[in-house]
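FYI, it's all coordinate maths here, none of it is from the lab. All values derive from a computational prediction rather than experimental measurement. Cβ: placed from backbone, ideal geometry, glycine included. Neighbour counts: every protein chain shown.
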Amino acid sequence: MSLRHHAGPGPRRTIVATLAVLACLGGTLAGAGAAPAPAIATAPDPASPAPGTSRLLPAPAGGERAVRLLGGRLDEAAARNDLTATALVDLLTGDPTVRVDEHGRVLFRDVDPHRPEPAEAPDAAREAQALAAPFPDDQTFELHSLPGSRRTIYLDVDGGTVAGTAWNDASFPDGAVTGYDLDGDPSTFSAAERAVVQVVWQRVAEDFAPFDVDVTTEAPPPGRIDRSGEADQEYGTVAMITGDTRAHAAICGDPGCTGVAYLDVFDATRSHARYQPAWAFTAYYDDVASISETVSHEVGHNLSLSHDGYGTRDYYGGHGLWGPIMGSTGRPVVQWSQGSYAGATSTEDDLALIATHGLPLRADEAGADIATAAAAPPAGPAYVTTREDVDVFALGPCTGPVSVTGATALASPDLDLELSLLDASGATLATADPLVQSVQGRLTGMGATVSLPVSDEPLWVAVDGVGAGGWSTGYDDYGSLGSYVLSVVGACADSSEQPDPVPDPVEVTAPGAPVLDGVRPGRSGRPLTLAVRWTPSVDDGGSAVTGWRVTAQRLDRDGAVVRTSTGPLLSPERRRASLRLGAGRYRLAVTALNAQGASPLSAWSRVVRPR
């Protein structure tokens, strides 16, 4: 749906494509630096009835009126949505945001009367200027939560063409839509806009962290989104994040409308592309929280979820610090729900429905007891995926004071963490579950640190997602799921080794500079790449290398540095990397890292052009 921007805030590019064009190009779009991109432009699925002969209504409708207009075709409309007739009637008459389109498919038009008026919404531009981007600017359109997954949620922020879809059957003509825009210039992404995109991605990725799905800002090939049939197990959905007022007026209408999406189409085996995208409109609500919560909410509809309401309200706004994703919240803790709060209008099990409508759970990293524990804490993120999921990791024989910290997601964590230290019998020696609270607008207490002042035995750490205070004031452990990173401080050896009882004092420093072995252009084609190889220094500083970073400098024709960018942290066993870069002249260097810090840069490579 969009093209990735490779170097600095540059022009936004919009794809105008049809299936015929894609077929001529072998399924890709030609252009400098262009990645294959899914086109929302589609032709009717030949396996489905032609839209002109399968209409059940003259126009979209909701409520009692829709029930009356469907009349004797109510059962047919229900079957098209995999619902009973009673369930469809309940949806239409119980939630005014529900519509059926001309072909009887259910969609949600999310207009929340409890949101602030658009004029009173948070000042997104001011928020964005103060926002610290968690990643380098040039990684904004390359973010992935689970590369290699067969399911994809693509956050499309730079617009594209929507044509030949169900949206175009109603009030929205075939055509291009602009992307996310804060500064009035939709042709570029400023540093502030990129920071917003990065944090929105972090928050949405955390909401879907329990599941085997790649939440990404990088345009995937069409086949990663569309589903051709039951046997096709590689599919997903597009969340179109757009400030286009024309699209908003045609599809959403009311300024208070934040998103629109079809129900239960994520894993559809017929006409899958017809019901893309899910819309997150930013013309009136363009702050980080509004965008990310709208995206997760609308994708939730694609995954068959309806609304979490309260009493006569269609959306529950939450209580205390907590709110449900399928309500309308803005609370610091936003989680999936099964309607356990008082006055809930829906008790559907969000997590079970998501898992049976297209998103299986992630693989578990560790067992739940000493016997099935993982051999060591993971070097990177791990995940609590269900309320029953407890992860136990061996720390090995420990001496002296020991402390284990579990850090949850930086942006809007769903996981409220409890840590426990266990002995060889499985008995709990210490537990930490700090109070969750908001301090000057900042959520604290979702992570935890557990400590023992003295230890002289093998230890294990257990990680669990927990609730806070119960439903009268807080939440239980149902939706307390998501990512965490463990760090250990103390004298703990690998479980296969015994620590030296009297270790010799060693001065620990940053490692020596790596030796750059060579840089060469990548294989011909797109994207443009450079391949780099290196050898570790013989001097590790007395502490194992924990990772590597590759720095690239783009040079002008006179050899002056135009731009410097540093890649993500690479795992310590790596000795080579492939960098995706824009056209130009580059030189590369490598840095080693250990617990004490970063080494000096290696010697710079020769100047090379990527290919």
| How large is the dipole of the stretch 382-492 about the Cα centre if only Lys and Arg carry +1 and Asp and Glu carry -1, each at its Cβ, rounded to the nearest 20 debye? | 360
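I'd like the projected area of the stretch 382-492, averaged over all directions, using the convex hull of its alpha carbons. Report it in nm² with one decimal. Numbers along the way, then the final one.
Working: hull surface 28.5 nm².
That works out to 7.1 nm², a quarter of the Cα hull's surface.
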| said: Suppose R0 equals 56 Å. What FRET efficiency, 1/(1 + (r/R0)^6) with r the Cβ-Cβ distance, do residue 454 and residue 606 give to the nearest 0.05? | reply: 0.50
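Normalized C-alpha radius of gyration of the chain, against 2.2 N^0.38 Å?
On the way: Rg = 25.9 Å, N = 611, 2.2 N^0.38 = 25.2 Å.
Cα-based Rg divided by the globular estimate yields 1.03.
Give the Kirkwood hydrodynamic radius (Å, one decimal) of the stretch 182-255, defined as one over the mean of 1/r across all pairs of different Cα atoms. Spell out each step's value before the answer.
Values: mean 1/r = 0.0665 Å⁻¹.
Kirkwood radius, the stretch 182-255: 15.0 Å.
At 0.36 nm per residue, minus the direct Cα-Cα distance, what do residue 569 and residue 342 gain on full extension? Give it in nm, one decimal, please. Could you put the intermediate results ahead of the total?
Values: separation 227, 0.36 × 227 = 81.72 nm, distance 4.53 nm.
My answer for the length gained is 77.2 nm.
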| From phi via Karplus (6.51, -1.76, 1.60), per-residue ³J(HN,Hα) for the stretch 466-480 in Hz, x at Gly/Pro | 10, x, 9, x, x, 6, 5, 10, x, 7, 9, 8, 4, x, 7
| message | For the stretch 537-589 and the stretch 418-446, what is the centre-to-centre distance using only Cα atoms, to the nearest Å? | response | 38
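Using unit Cβ charges (K, R positive; D, E negative) and no other charged atoms, how large, in debye to the nearest 20, is the dipole of the stretch 515-598 about its Cα centre? List each step's numbers first, then the result.
Values: 14 positive and 6 negative charges, 113 e Å.
The calculated dipole for the stretch 515-598 is roughly 540 debye.
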| task | Report the label-to-label distance for residue 431 and residue 543 in nanometres (one decimal), using points 7 Å from each Cα along the Cα→Cβ vector. | result | 3.3
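Compute the FRET efficiency between residue 596 and residue 372 as 1/(1 + (r/R0)^6), taking r as their Cβ-Cβ distance and R0 = 35 Å, and round to the nearest 0.05. Could the numbers behind the result be given before it?
Working: r = 34 Å, r/R0 = 0.98.
The computed FRET efficiency comes out at 0.50.
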| query | For the stretch 254-264, in order, what is each residue's ³J(HN,Hα) by Karplus, 6.51 cos²θ - 1.76 cosθ + 1.60 with θ = phi - 60°, in whole Hz (x at glycine and Pro)? | reply | 4, x, x, 7, 10, x, 9, 7, 7, 8, 6
| said: Explain nothing, just the number: dipole magnitude of the chain about its Cα centre with +1 on each Lys and Arg Cβ and -1 on each Asp and Glu Cβ, in debye rounded to the nearest 20. | reply: 2980
| task | Enter the Cα centre distance for the pair the stretch 382-417 and the stretch 261-295, rounded to the nearest angstrom. | result | 32
| query | Which one of 521, 596, 572 is farthest out on the positive end of the charge dipole of the stretch 515-598, using unit charges on Cβ (Lys, Arg +1; Asp, Glu -1) and the Cα centre as origin? | reply | 521
| Roughly how many nanometres apart are two label points built 7 Å out from the Cα toward the Cβ at residue 444 and residue 228? | 5.5
| Rounded to the nearest 0.05, what FRET efficiency is calculated for residue 560 and residue 144 with R0 set to 30 Å and r the Cβ-Cβ distance? | 0.35
| task | Work out the charge dipole of the chain with +1 on the Cβ of Lys and Arg and -1 on the Cβ of Asp and Glu about the Cα centre, then indicate which of 241, 61, 347 is farthest towards its positive end. | result | 241
| query | Once phi is turned into θ = phi - 60°, what whole-Hz ³J(HN,Hα) does the Karplus curve with 6.51, -1.76 and 1.60 give for every residue of the stretch 536-549, x standing for Gly and Pro? | reply | x, 5, 5, 9, 8, x, x, 9, 4, 5, 9, x, 9, 10
